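Engineer: Just passing along the structure, written as structure tokens.
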């Protein structure tokens, strides 16, 4: 038997025709739906990109213990387990985070692997002189990545040179070479349609938005509240759809190969994603900062299992990303490990057999969320400073670098967790670059409010969802500080005293005023990162005077790379807009 996993990054189900989207050119996704089982209730778990890949390897959620980081020494890895069972596993990808410290231990778990460079701000081509920066927003949080992307795009003029194209070329080459052999698993993983939404004229023309050559082309949203015009948002969505259509064309090449080589009889096909994103919904762009609304966490999933050859059918059972690994293990006759929380999807595919009552999802330091498929409960912190918070790791890396001595000097070596296979772990103080108190706890009824526009207050329902949440947190071995931060009991049953909807006075800090902060765009506080500001002794003294502990604590690289204005838009009073204006006037 053989298996192919086609993984897209940031694939929003609401823009796919099989999930009801109209006016989107994606004929191969429609073709895919006719050849596979389509899942109506698939949810992510640990967010965002690399935490999702960690749960695909391990079959368990990880956001309660750790943010973005490598695969840990104690983690199970499905590709490695398959390899040990005699299955050749091969990865082809253009996902640049596999190159970096925060993702460097994932790809070696495959028997063989190939990389293709140039996506997003991949540190690929070296150019000292600035390229054309007309499309680089000066106050963006990731300006250096945008500059590097402008360098990279100079080498991607032809679609044949694009990393996505090269990734699928390599995947198809593997299929061609190995199609007559048994016992292999291929993962074709592309960073697209993640931002920046860079594609080519033939895809832009599908949506009536030709390639822009004379003015900035808004194809890379920052993670922030919407301040753009409706026309700009429409243009951004068209750029996303153009890139999605390019992804659709690549998917079609895989389906063609399966048809040509008659692989449907012995080859599993999984087409999936890690998460979606917001393109103006709920007045936000991107992900990670606001709660994980349906657009971000409710994901598309298509599976063909030749042992249960259902096609053109929909399954309603609640499933998650943590189920992908156990499904592959089961397909190849390999048992899942005791630490895995996911389940094989074979029974769901066969007759929609339920495999869980509820699903847990979230991001480290953000809301802790639970859904039963109809209701979604988003639990915010009850402590205004979103503390206590810690990370547990033996791999002290973050997204783009090493965790620094200012944090590691405060590390404690603590007793093993139940899933660390007897290994003690480092407990590190943590800071989340977002504060869920800014949004408060929320409860939605997806059946009657699929757009999640009208949060409800219902004590009986909140208590039921709260009990589901606590049960899942305990199954995931949530550390003690998470219960304190979220105002939940570490032991015993949650009761009415733990309800917060409609009565939580600790969550009253509003999201910073966007119009007020927008007036700071172009200022030093909106163009220089925290790291740059802290390097100036005079500015450091001023920041300490105005903001206190925020510049004295162990801020991670993710926060150091942000501007103060951006931090103000994603936290509840941590950097008040009024203080920023006073600082701006004095610098």
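Every read-out reported here was derived from the displayed coordinates using simple, explicitly stated rules and does not represent laboratory data. Bear in mind the structure is a predicted one, so any value in this text is a computation, not a measurement. Here Cβ is always computed from backbone atoms with ideal geometry, including for glycine, and neighbour counts include all displayed protein chains.
Engineer: Ranked highest first by average number of other Cβ atoms within 10 Å, how do 373-386, 443-456 line up?
Structural biologist: Put in order of decreasing packing, that is 373-386, 443-456.
Engineer: Take every DSSP beta bridge with both residues inside the chain and express the antiparallel ones as a percent of the total, to the nearest 5.
Structural biologist: Working: 31 of 61 bridges.
Expressed as a percentage, antiparallel bridges in the chain total about 50.
Engineer: Right, something else. So, in Å, what gap is there between the alpha-carbon centers of the range 27-68 and the range 289-359?
Structural biologist: Between the Cα centre of the range 27-68 and that of the range 289-359, the gap is 9 Å.
Engineer: Relative to the present Cα-Cα distance, how much length would full extension add between residue 582 and residue 181 at 0.36 nm per residue of separation?
Structural biologist: Between residue 582 and residue 181, full extension yields an extra 137.5 nm.
Engineer: Provide the three semi-axes, in whole Å and in decreasing order, of the ellipsoid equivalent to the range 37-169 as defined by the square roots of 5 times the Cα gyration tensor eigenvalues.
Structural biologist: Working: eigenvalues 189, 71, 44 Å².
With the √(5λ) rule applied to the range 37-169, the semi-axes are 31, 19, 15 Å.
Engineer: Same structure again: For a Förster distance of 30 Å, can you work out the FRET efficiency between the beta-carbons of residue 402 and residue 481, rounded to the nearest 0.05?
Structural biologist: Numbers: r = 23 Å, r/R0 = 0.78.
Calculated value: 0.80.
Engineer: Turning to a different aspect of this structure: Kirkwood hydrodynamic radius for the range 271-325: how many Å is it when counted over pairs of different Cα atoms? Write out the running numbers ahead of the final one.
Structural biologist: Details: mean 1/r = 0.0756 Å⁻¹.
Kirkwood radius, the range 271-325: 13.2 Å.
Engineer: For the range 157-199, what does the alpha-carbon gyration tensor say about shape, rounded, prolate or oblate, given a ≥ b ≥ c as the root eigenvalues, a/c under 1.5 as rounded, and a/b over b/c as prolate?
Structural biologist: oblate
Engineer: Right, something else. Relative to the present Cα-Cα distance, how much length would full extension add between residue 229 and residue 21 at 0.36 nm per residue of separation?
Structural biologist: Details: separation 208, 0.36 × 208 = 74.88 nm, distance 2.30 nm.
Here the segment from residue 229 to residue 21 would lengthen by 72.6 nm.
Engineer: Separate question: From the Cα gyration tensor of the range 361-507, with a ≥ b ≥ c the square roots of its eigenvalues, which class applies: rounded if a/c is under 1.5, or else prolate if a/b is larger than b/c, or else oblate? Display every interim value, and only then the final one.
Structural biologist: Working: a/c = 2.11, a/b = 1.80, b/c = 1.17.
Note, shape of the range 361-507 comes out prolate.
Engineer: Using r as the Cβ-Cβ distance of residue 201 and residue 423, and R0 as 60 Å, what FRET efficiency do you calculate, to the nearest 0.05? Walk me through the numbers on the way to the answer.
Structural biologist: On the way: r = 53 Å, r/R0 = 0.88.
That pair, residue 201 with residue 423, gives E of 0.70.
Engineer: Could you calculate, for the chain, the ratio of the Cα radius of gyration to the Kirkwood radius, expressed as Rg to Rh?
Structural biologist: On the way: Rg = 23.2 Å, Rh = 24.6 Å.
On the Cα set of the chain, Rg over Rh gives 0.95.
Engineer: Can you give the extra length, in nm with one decimal, that the chain gains between residue 261 and residue 125 once fully stretched, where that is 0.36 nm per residue apart less the Cα-Cα distance? Each step should come with its number before you reach the end.
Structural biologist: Values: separation 136, 0.36 × 136 = 48.96 nm, distance 3.77 nm.
Between residue 261 and residue 125, full extension yields 45.2 nm more.
Engineer: How far is it, in nm, from the label point at residue 253 to the one at residue 350 when both lie 7 Å from their Cα along the line to the Cβ?
Structural biologist: For the pair residue 253/residue 350, the computed spacing is 3.7 nm.
Engineer: Another question about this same structure. Describe numerically, in nm with one decimal, the distance between label points set 7 Å from Cα along Cα→Cβ at residue 534 and at residue 173.
Structural biologist: 4.3
Engineer: Quick check on packing: order 252-260, 101-109 by the mean number of other C-beta atoms within 10 Å, highest mean leading.
Structural biologist: In decreasing order of mean packing, 252-260, 101-109 become 101-109, 252-260.
Engineer: Report the relative contact order of the chain, percent, no decimals, based on alpha-carbon pairs under 8 angstrom and at least 6 residues apart.
Structural biologist: Numbers: 1199 pairs, mean separation 116.2, N = 587.
Relative contact order here is 20 percent.
Engineer: Next question. What FRET efficiency comes out for the pair residue 132/residue 283, r = Cβ-Cβ distance, R0 = 35 Å, nearest 0.05? Mind showing how you got there, number by number?
Structural biologist: Working: r = 31 Å, r/R0 = 0.89.
E(calc), rounded to 0.05, equals 0.65.
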